[in-house]
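A short write-up of the structure that comes next.
Each reported figure results from applying straightforward, stated rules to the coordinates on display, with no laboratory input. What you are looking at is a predicted structure, and each value in this text was computed from that prediction instead of being measured. Methodologically, a virtual Cβ is constructed for each residue, glycine included, from the backbone with ideal geometry; neighbour enumeration extends over all protein chains shown.
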Amino acid sequence: MSKVSKFIIFTFVASFLVCIGISGDMMREGAGNMMSASFGLRINMMMPAIGALIAGAKIKQMGWKPDISSNKKYILLAWLMPTVFEITGAAVYYMVFREDLASSGIFLRDIDQHVYDELQKTGGSYAWYAIKEIFFSLTSYMSFASVLFAIGEEIGWRGFLFPELKERFGRTKGRILGGVLHGIWHFPLIIIAGYEYGRHYIGAPVLGPLVFTLFCVATGIIMDHLYERSESIWLPAIFHGMTNVTISSAIVRAPGHLERVILGPMDIGLIAMIPLICAAVLITYIENKREKMEFEDF
């Protein structure tokens, strides 16, 4: 059995079992259920790393001591770009569905009535509140914790699977196939537990897994580009971790039309994903063009 087969079999089976274990908690309300589901998701993020170890991955060679001085630009991009994609993607979505935009804090009222009342009482600006939330999402301890959890996935995907697939199929095809597999890995959570999109979106339950796979292909290309450029597994982990904790563009969403979550405004939506896809296509184009020029010069 090949190393890739070992990785896929263990990672997918183990994650499916974890999904079965936490799906009930994800579908039920209550702080206890939320904590249990969150803990299960963190365990699930470690399955790709364990799968890579079982497959015989060379963990020590994945770049654990990044050259910070020469990678400052890429570290900054990995840290900030998820937030940029979230905001620009939301802008595209709200241009299409203007009636879904509400800058008055309705979203905050629904999730935290106390904070909303305080904001109204003091006459504070909701725009300023949103800016502070963006800053908090970039600098809080949760951001650093998210990166540490993301490293479990990145060891498996970018550290092990992507290089194996690129060696066999070439860079572009390998990245696309790796992104598809990464997306399929999420299918049980999306279908069984309503992960990311819930259960009542347009095209449920089929469209959610397909759209999320497209998201995984696009982000996979960007993260693998960061990995190749920096030669450090920490760079895709930073991008991955920040993607998980970046400010939600739903903070300015009006109530109603929740079935449109499959389209946006978060960057996992089909319309809001457009800037992300454009970036992945541009990276692919530039890299392929550079390779062609180098081949012709040779």
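If we count other beta carbons within 10 Å of each Cβ, what is the order of 34, 242, fewest first?
Ordered from fewest to most neighbouring Cβ atoms within 10 Å, 34, 242 come out as 34, 242.
What FRET efficiency, computed as 1/(1 + (r/R0)^6) with R0 = 22 Å and r the Cβ-Cβ distance, is obtained for residue 39 and residue 141, rounded to the nearest 0.05? Walk me through the numbers before you get to the answer.
Working: r = 17 Å, r/R0 = 0.79.
According to the calculation, E is roughly 0.80.
How are the C-alpha pair distances of the chain spread across 5 Å bins, as whole percents from the shortest bin up?
Whole-percent P(r) values from 0 Å outward: 1, 5, 10, 14, 18, 18, 14, 9, 6, 3, 1, 1, 0, 0.
Given an 8 Å cut-off on Cα distances and at least 6 residues of separation, report the relative contact order of the chain as a percent.
So the answer I get is 29 percent.
Multiply the residue separation of residue 53 and residue 20 by 0.36 nm, subtract the distance between their alpha-carbon atoms, and state the gained length in nm to one decimal.
9.5 nm
Points 7 angstrom from Cα along the Cβ direction at residue 285 and residue 98: gap in nanometres?
If labels sit at residue 285 and residue 98, their model points lie 3.0 nm apart.
Would you count, across the chain, every pair of lysines whose alpha carbons are under 21 angstrom apart, provided the pair is eight or more residues apart or spans two chains?
Count of close lysine pairs: 16.
How long is the gain from residue 68 to residue 294 if the chain were fully straight, where each residue apart is worth 0.36 nm and the alpha carbon distance is subtracted? Provide the component values of the computation, followed by the final result.
On the way: separation 226, 0.36 × 226 = 81.36 nm, distance 2.74 nm.
78.6 nm is the gain from fully extending residue 68 to residue 294.
Anything in the chain that counts as a DSSP H helix reaching 30 Å or more along its axis (C-alpha) with Kyte-Doolittle mean of at least -0.5? List them, would you?
Taking the DSSP H segments of the chain (at least 30 Å long, mean hydropathy at least -0.5), we get 3-27, 72-96, 207-230, 274-297.
State the extension gain, in nm to one decimal, for the chain segment bounded by residue 206 and residue 133, taking 0.36 nm per residue of separation less the distance between their alpha-carbons.
23.0 nm
Among 286, 134, 75, which one shows the highest mean-square fluctuation when the chain is modelled as a Gaussian network with alpha-carbon springs under 10 Å?
Of the options given, 286 has the highest mean-square fluctuation.
Going by average Cβ density within 10 Å per residue, which order do the peptides 2-8, 210-216, 16-22, 231-237 take, highest to lowest?
On the way: 2-8: 15.4, 210-216: 21.0, 16-22: 17.0, 231-237: 23.4.
Per-residue mean Cβ counts within 10 Å order the peptides as 231-237, 210-216, 16-22, 2-8.
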